[in-house]
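The values are calculated or read from the model by the stated rules, or taken from the named source; none is laboratory data. Everything quoted here is computed from the prediction, not taken from an experiment. Backbone-built Cβ (ideal geometry, glycine too); neighbour counts: all protein chains shown.
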Amino acid sequence: MYKLIAVDLDGTLLNQYGEVSIETKKTTKKIIENGTDIIIASGRPIDSIKTIASEIGSENYFIAGNGAIIYDIKNDEIIYKKTLSKRKLLKIIRICEENSISYNVYTDKTILSTSLEYNVLYYYKENLKKDENKKTNINIVKDMEEYIKNTEEENFIKITICDKNKSVFNAILKKIKKIKGIEFLEVSHMSRKMIKHGTEDIPIEYYYTEISLANVDKWNAIEYLMKKINIDRQDVIAIGDNINDRKMIENAGLGIAMKGSVMQDFEGANDVAPANFEDGVSKILQKYYKNINFS
């Protein structure tokens, strides 16, 4: 039996509306009750993950910021972190500002942005459905550079850059790639998220990348946890849909990609789950845990 399941959120555990379905909650809780730990491994900040971890019955750890942070749920503390320095962050921000491209900064608990658009708009709309204590913390600031210079915040886990125009987006990336000691999420496809406006489903579409400190990824964080809880990679299942999930999918004992995602045809995956809007995580886990009665 596998001992640890690492699962991504957006496009994987969450459906197209940013929610965990009732069926998926039942499945994850049953598996945890039967002795396998399930951890979330996401690009989101801590407070955005906490509520979802609780919903699926996950009580020990989760990975935030694409591997920049490991959070100990029971002890309410960060036990591992690899974050961007203010100096590197400010270099990236200046390039974005000079070229009028959208960006937002993720700390361990907050998303900092200068406007509500792209992924921040998605999280904002998601917040409208949540209780106050379960919302993703979004802080809109007028002058990001000045804010970063003066804040006491130290845990800058990543910066996300977004634009609708692919040529503009790629031109900015070339400039930022000259900065040493950082790592890019290489994404060539357009991100597509759905938000509800009344009875309509409205897509939010944009090109994006995520920039973190060099050598930060979900698998490195999982390896740290494996040593801590004394398990081998063959004891691990990893499930994801995007480029930032590649390393954990190809290195885990059982790597699973999501149907319809950019990872669907990834040769490093052992299996493909149904899409996130089809309760894919629930269905694929039930396939590998046939000894559990999920009814």
Take the range 157-188 and flag every residue that is in a loop (DSSP other than H, G, I, E, B) and β-branched (Val, Ile, Thr). Ile179, Val187
Within the range 116-153, residues being under 22 Å from Lys193 (Cα atoms) and part of a helix (DSSP H, G or I) number 11
Filter the range 198-245 down to residues that are surrounded by fewer than 16 Cβ atoms within 10 Å (Cβ to Cβ) and β-branched (Val, Ile, Thr) and give me whichever is farthest from the chain's Cα centre (by Cα). Thr199
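Out of Val120, Val141, I need the residue that is farther than 23 Å from Asp217 by Cα and in contact with a Ser or Thr (Cβ under 7 Å, 6 or more places away or on another chain). Which one?
Criteria check complete, one pass: Val141.
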Would you mention how many residues in the range 65-106 are farther than 14 Å from Ser212 by Cβ, in the same structural domain as Asp10 (by TED's automatic domain parsing) and part of a loop (DSSP other than H, G, I, E, B)? 4
Testing Asp235 on (1) modelled with pLDDT of 95 or more; (2) within 30 Å of Asp163 (Cβ to Cβ), one condition comes back false. Which one is that? (2)
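Which of the strands (runs of 3 or more DSSP E) found entirely inside the range 219-282 contain at least 3 residues meeting this: over 24 Å from Ile69 (Cα atoms) and in contact with a strand residue (DSSP E or B) (Cβ under 9 Å, 6 or more places away or on another chain)?
271-273
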How many residues of the range 117-172 are in contact with a Cys (Cβ under 9 Å, 6 or more places away or on another chain) and touching a residue at least 60 places away in the same chain (Cβ under 8 Å)? The answer is 6
Report, by residue number, each residue of the range 244-256 that is touching a helix residue (DSSP H, G or I) at 6+ places or on another chain (Cβ under 6 Å) and more than 15 Å from Glu223 (Cβ to Cβ). Asn244, Ile256
Of the residues in the range 8-26, those that are of a type in the set (Gly, Ala, Ser), in a loop (DSSP other than H, G, I, E, B) and buried (at least 20 other Cβ atoms within 10 Å of the Cβ) come to Gly18
So, Ala171, is that one over 18 Å from the mean Cα position of the chain (by Cα), more than 29 Å from Asn15 (Cβ to Cβ) and of a type in the set (Gly, Ala, Ser) or not? yes
Collect the residues in the range 51-109 that are within 18 Å of the chain's Cα centre (by Cα) and of a type in the set (S, T, N, Q), keeping them in residue-number order. Thr51, Ser54, Ser58, Asn60, Asn66, Thr83, Asn104, Thr107
What are the residue pairs meeting all of these: first residue in the range 57-76, first residue without any contact (Cβ under 8 Å) to a residue 40 or more places away in the chain and over 11 Å from Ile46 (Cα atoms), second residue β-branched (Val, Ile, Thr) and part of a loop (DSSP other than H, G, I, E, B), Cβ atoms under 9 Å, and 6 or more apart or on different chains? Ser58/Ile73; Glu59/Ile73; Asn60/Ile73
Condition test on Val216, is it touching a residue at least 40 places away in the same chain (Cβ under 8 Å), outside any strand (DSSP E or B), closer than 22 Å to Leu13 by Cβ and β-branched (Val, Ile, Thr)? yes
